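J.: The following block contains the structure, expressed as structure tokens.
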Amino acid sequence: MGEREPVVAVPGRNWAGNIRYAAARRHRPSTVDELRRLVAGSDRIRAIGTGHSFNRLGDTTGDLVSLAGLPPTVKIDRERATVTVAAAARYGELAARLHAAGYALPTLASLPHISVAGAVATATHGSGVGVGNLATAVSALELVTADGDLLSVRRDADGDRFAGTVVGLGALGVVTRVTLDVVPTFDVRQYVRLGLPRVALDEAFASAYSVSLFTDWRGDRIGQVWRKQLADEPPPPADWLGTTAAGEPCHPVPGLAAANCTAQLGEPGPWHERLPHFRLGFTPSSGNELQSEYHVPRAAAAEALAALDPARDRIAEVLQVCELRTVAADGLWLSPQYERDSLAVHFTWIADAEAVAPVVAEVERRLEPFAPRPHWGKVFGLDPAAVAAAYPRHADFVALLRDLDPAGKFRTPDLDRYFPR
């Protein structure tokens, strides 16, 4: 296969700074052929995206490879209503290109800074009772497998195997290109409402195209409701669900500047400038934080939140903000929404791992009756047996791992813990 490309600078830490990568070597190939040679010649290798994970699931002591040097493909197929993009493309940059061409993605995450392949691999999501996570838009993937070969998997040709590959945690190969379904572009208005009674959660979630609720767990009401509605729909009435309208733009984290956030107060704008909470080019969230997130059945949302109530003081002590979102069910094996509509309970913690760890354990203990599924890219400590039990296709994914990567080239210690050989 030839000699490897020279080692080049790749970030040594994740975005939050809580993980220092353990890789012995770091690479940034400029072509897919260089990447194939690198993968074929490596004993242990992992790809890195934009580094917005908070755990070591993707860390390796072998080769760490950035795909940011590969050609920045963006190819729109108008006949199929798809776009094929390079794995390292960031959603914010892709979205602007799509909008200019008259297209949109059905959903976006809260921040547009993340890479397409990384978000898909971890089933990152936005919000909406009828909207799936980001991975549900995938119709095809191209990846470099353990022997350096290129493998293509398609929704319309590979069926069940495709469903097991999309949310792959980077464990099946290095994704080089992703094909996504697109829809006609659309405009959105964003309104922030304050002080939602907890009894109105279901009605609030169903009230707009995308809805996020923010709470500090210090009171009986939800502090902020971010309603992202289609631009041609009427604004919420003045007394909407017992809330009041925010009189000025807000940041989800109390005390932070709203200038970092997408436009509010009902100002219409294109989908990619309203569906995220944060603006590309600005620091998302607080920037100094840890994150955890758990997905429980949406039908049990009230009960799950009630189970956390006795720990509210303990949660609040190490919390910056908690976000509640809904995500529609899908058929992807390792998606936290596999075959169930879900409530996502997301915690933005202070950047103190020692103080946060026991609270995370308490949250997980209290959510245990609801078979919580973790966000794969965030801080969690759930027992591996509980995680396996929560995913009906867990054993099938382990078999797929053995098939595509029999020597464990893409494995890491944390992956081995949750997906034993």
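What follows draws every value from the coordinates through simple rules; no lab data is involved. Please read these numbers as outputs of a predicted model, since none were measured by experiment. Cβ placement follows ideal geometry from the backbone for every residue including glycine, while neighbour counts extend to all protein chains displayed.
J.: Give a quick list of GluC sites (Glu not before Pro) in segment 23-105 that DSSP marks as loop, anything other than H, G, I, E or B, with at most 13 other Cβ atoms within 10 Å.
T.: On the way: sites: GLU34, GLU79, GLU93; in loops: GLU79.
In loop regions of segment 23-105 (DSSP not H, G, I, E or B), the sparsely surrounded GluC sites (Glu not before Pro) are GLU79.
J.: Using the Cα centre of the chain as the reference point, and only Cβ charges (+1 on K/R, -1 on D/E), how large is the resulting charge dipole? Debye, rounded to the nearest 20.
T.: For this selection, approximately 680 debye.
J.: Put a dot 7 Å past each Cα toward the Cβ at ARG417 and GLU203; how far apart are the dots in nm?
T.: Rounded to a tenth, the inter-label distance reads 4.4 nm.
J.: Could you work out the mean projected area of the convex hull around the alpha carbons of segment 79-187, in square nanometres to one decimal? Mind dumping the intermediate values first?
T.: Working: hull surface 28.1 nm².
Answer in nm², one decimal: 7.0.
J.: Next up: Please state the shape class of segment 325-421: rounded when a/c is under 1.5, otherwise prolate if a/b exceeds b/c and oblate if not, all from the C-alpha gyration tensor. Present the calculation step by step, with values, prior to reporting the outcome.
T.: Numbers: a/c = 2.09, a/b = 1.32, b/c = 1.58.
Taking the square roots of the gyration eigenvalues as a ≥ b ≥ c, segment 325-421 is oblate.
J.: What does the helix-only formula give at 222 nm for the chain: each DSSP H stretch with n ≥ 4 adding -39500 (n - 2.57), the total divided by the residues, and the result rounded to the nearest 500 deg cm²/dmol? Can you show the working numbers first?
T.: Working: 11 runs with 95 residues, N = 421.
Result for the chain, helices only: -6500 deg cm²/dmol.
J.: Would you mind calculating the gained length between THR31 and THR73 on full extension (0.36 nm times residue separation, minus the Cα-Cα distance), in nm to one decimal? Could you put the intermediate results ahead of the total?
T.: On the way: separation 42, 0.36 × 42 = 15.12 nm, distance 1.18 nm.
Taking THR31 through THR73 to full extension adds about 13.9 nm, to one decimal.
J.: Sticking with this structure for a sec: Can you work out ³J(HN,Hα) from phi for every residue in segment 284-294, in order, using Karplus 6.51 cos²θ - 1.76 cosθ + 1.60 and θ = phi - 60°, giving whole Hz and x for Gly and Pro?
T.: x, 6, 9, x, 9, 6, 10, 9, 9, 7, 10
J.: In nm, what is the difference between 0.36 nm times the number of residues separating GLU248 and ALA101 and their Cα-Cα distance? Don't skip to the end; give the middle numbers.
T.: Details: separation 147, 0.36 × 147 = 52.92 nm, distance 3.25 nm.
Stretched fully, the GLU248-ALA101 segment lengthens by 49.7 nm.
J.: Hey, with R₀ at 25 Å, roughly what FRET efficiency would ARG365 and ASP220 work out to, going by the Cβ-Cβ distance, to 0.05? Write out the running numbers ahead of the final one.
T.: Working: r = 23 Å, r/R0 = 0.92.
Given R0 = 25 Å and the Cβ-Cβ separation, E is 0.60.
J.: On C-alpha positions alone, give me the angle between the axis of helix 32-41 and the longest principal axis of the chain, in degrees, nearest 10.
T.: The answer is roughly 70 degrees.
J.: Shifting gears a bit: Which ³J(HN,Hα) values in Hz, rounded to whole numbers, follow from the phi angles of segment 273-279 under the Karplus curve 6.51 cos²θ - 1.76 cosθ + 1.60, where θ = phi - 60° and Gly and Pro get x?
T.: My calculation for segment 273-279 gives 9, 10, 5, x, 7, 10, 8 Hz in order.
J.: What order do you get for 314-327, 348-361 when each peptide is scored by the mean count of other beta carbon atoms within 10 Å, highest first?
T.: Details: 314-327: 20.9, 348-361: 15.8.
For the peptides 314-327, 348-361, the packing ranking is 314-327, 348-361.
J.: Additional query: By per-residue mean of other Cβ atoms within 10 Å, what is the highest-first order of 135-142, 20-27?
T.: The peptides rank, most packed first, as 135-142, 20-27.
J.: Further, regarding this structure: Pull out the extension gain between ALA259 and ASP403, defined as 0.36 nm times the separation in residues minus the alpha carbon to alpha carbon distance; nm, one decimal. Before the final figure, lay out the partial values.
T.: Working: separation 144, 0.36 × 144 = 51.84 nm, distance 4.85 nm.
So the extension gain works out to 47.0 nm.
J.: At a Förster distance of 30 Å, what's the computed FRET efficiency of ALA353 paired with ALA306, Cβ-Cβ distance as r, to 0.05?
T.: The calculated FRET efficiency here is 0.60.
J.: Could you pull out every residue, at least 5 positions away or on a different chain, whose amide H is within less than 5 Å of the one on PHE278? Hs are placed 1.01 Å off N in the peptide plane, and Pro or chain starts have none.
T.: THR262
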